[in-house]
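Below is one structure; the comments refer to it alone.
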Amino acid sequence: MAQPLLQVRHLATEFETEQGIARALDDISFELMPGETLGIVGESGCGKSVTSLSIMRLLPKPAGRIVGGEVLFDGRDLVQLPADEMHDIRGNRIAMIFQEPMTALNPVYKVGRQLEETLLLHKPELNESQRREACVAMLEKVGIPAPQRRLNEYPHQLSGGMRQRVMIAMALLCDPDILIADEPTTALDVTIQAQILQLLRDLQRENGMSIIFITHDFGVIAEICDRVVVMYGGRIIEQAEILELFDHPLHPYTRGLLQAIPKLDTEPKSLLKTIPGMVPSLFELPVGCRFQNRCEFVEPRCREQVPPLEDLDNGHQVRCFRAGEFR
Ligand SMILES: Nc1ncnc2c1ncn2[C@@H]1O[C@H](COP(=O)(O)OP(=O)(O)OP(=O)(O)O)[C@@H](O)[C@H]1O
Ligand SMILES: [Mg+2]
């Protein structure tokens, strides 16, 4: 069997805040296989972005730090890697695209200059005309019309969808092994969103990269992912192949999320089913299962002990004492 490209093991990340220490990630473990698209899904605040920022070592400093675990890539632990070696990996072997392109694009520089800078940094062997050529080719690949002209424009001259494409182009210029996409389509309207997902799929087919796709939208997960990690309150609560998860969701939280997806036969404008209650704050985390206050199946032991992440067949994992009853 193929070896995983990336192994996240028991990752724990904390923030130092005025209210005290907030543990945003607790014992996060997953693997990413070559060519695979792994989805990370969960409600706002569950730790999706902190997971990707931890892998990339881009946590805000000095507040955020990794306090435990490892991120194994290419035989090395990225958590322990010296800053300069991490610098070579970031943007080159592992690239990231963000929800809001303007966080990655600098408003005062032309698109061409920003793309070329990525190449200057990671592919110093290219000369100026080769760099230019590579940028034009990449913009063409991500479906930007008249790429020559676009190179001389500023980010604000582009539409939201075009900016997102430029950011994808920038991330892919160095042909990364892993692309981390943190809600890359949330800010876009549905048609553009569908085009961007299609684009990512096409590019992946071409270059064989692995993708970590972060979203709170199970509909998007269904479109693009091979496997899914479901997070809640900084922990993984379920993980499985996509079809397995849709056919046999076991955690009450996952089951709730899946019921919240609009179906074709739902009446237009009818309210979606949502899970009542709110995600607990990192400062008031309950003992035991973090979903307990919203769970209709809660039992006394759920308030006393953390349910272990249990391994079932074919890579399905679930963190719930009562999961067996839902199989
Ligand atoms: N710089 C920070 N300082 C303190 N706490 C932080 C910081 N960044 C994130 N957090 C906390 O870490 C937790 C996880 O945040 P994260 O941004 O990973 O959520 P998310 O799953 O990406 O949510 P969303 O869907 O809204 O993007 C949250 O409780 C958040 O408040
Ligand atoms: Mg986020």
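The values are calculated or read from the model by the stated rules, or taken from the named source; none is laboratory data. These numbers were taken from a predicted model, which means no experiment stands behind them. A quick note on method: Cβ atoms are made from the backbone with ideal geometry, for glycine too, and the neighbour counts reach across all protein chains shown.
Restricting attention to region 141-178, the residues that are farther than 19 Å from G208 by Cα and among the acidic types (D, E) total 1.
One residue alone among E16, E31, E70 is under 24 Å from V318 (Cα atoms), over 15 Å from the mean Cα position of the chain (by Cα) and part of a strand (DSSP E or B), and that residue is E70.
Consider L78 carefully, then state whether it is crowded, with 20+ Cβ neighbours inside 10 Å, in the same structural domain as Q3 (by TED's automatic domain parsing), closer than 26 Å to L119 by Cβ and touching a Lys or Arg at 6+ places or on another chain (Cβ under 8 Å). The answer is yes for L78.
Among the residues of region 284-311, those identified as part of a loop (DSSP other than H, G, I, E, B), under 24 Å from the mean Cα position of the chain (by Cα) and either loosely packed, with under 13 Cβ neighbours inside 10 Å or without any contact (Cβ under 8 Å) to a residue 40 or more places away in the chain (or both) are C289, P308. For the structure I just gave you, tell me whether P107 is buried (at least 22 other Cβ atoms within 10 Å of the Cβ) and touching a residue at least 24 places away in the same chain (Cβ under 8 Å). Answer is no for this residue. Looking across G64, G68, G75, one residue alone is small (G, A, S) and free of Cβ contacts under 8 Å to residues at least 12 places away in the same chain. It is G75.
Within the group E18, E43, which residue is more than 16 Å from ligand 2 (Cβ to nearest atom) and surrounded by fewer than 22 Cβ atoms within 10 Å (Cβ to Cβ)? Spell out the reasoning first.
Working: E43 fails: more than 16 Å from ligand 2 (Cβ to nearest atom).
On inspection, the qualifying residue turns out to be E18.
Where helices (runs of 4 or more DSSP H) fall entirely within region 85-159, those with at least 1 residues that are small (G, A, S) are at 111-122, 128-141. Residue count for region 48-72 under the criterion of being of a type in the set (S, T, N, Q) and more than 11 Å from ligand 1 (Cβ to nearest atom): the result is 0.
Can you report the number of residues in region 177-213 which are away from ligand 1 (no atom under 16 Å from the Cβ) and among the acidic types (D, E)? Going through region 177-213 one residue at a time, the tally reaches 4. Of the residues making up region 180-197, those that are within 26 Å of R132 (Cα to Cα) and more than 16 Å from ligand 2 (Cβ to nearest atom) are Q195, I196. At pLDDT below 95, in contact with a His (Cβ under 8 Å, 6 or more places away or on another chain) and more than 23 Å from G208 (Cα to Cα): does that describe G42? When the stated conditions are applied, G42 passes them. Only one entry of P155, P184 meets the criterion of being surrounded by 17 or more Cβ atoms within 10 Å (Cβ to Cβ) and outside the structural domain of G47 (by TED's automatic domain parsing), and that entry is P155.
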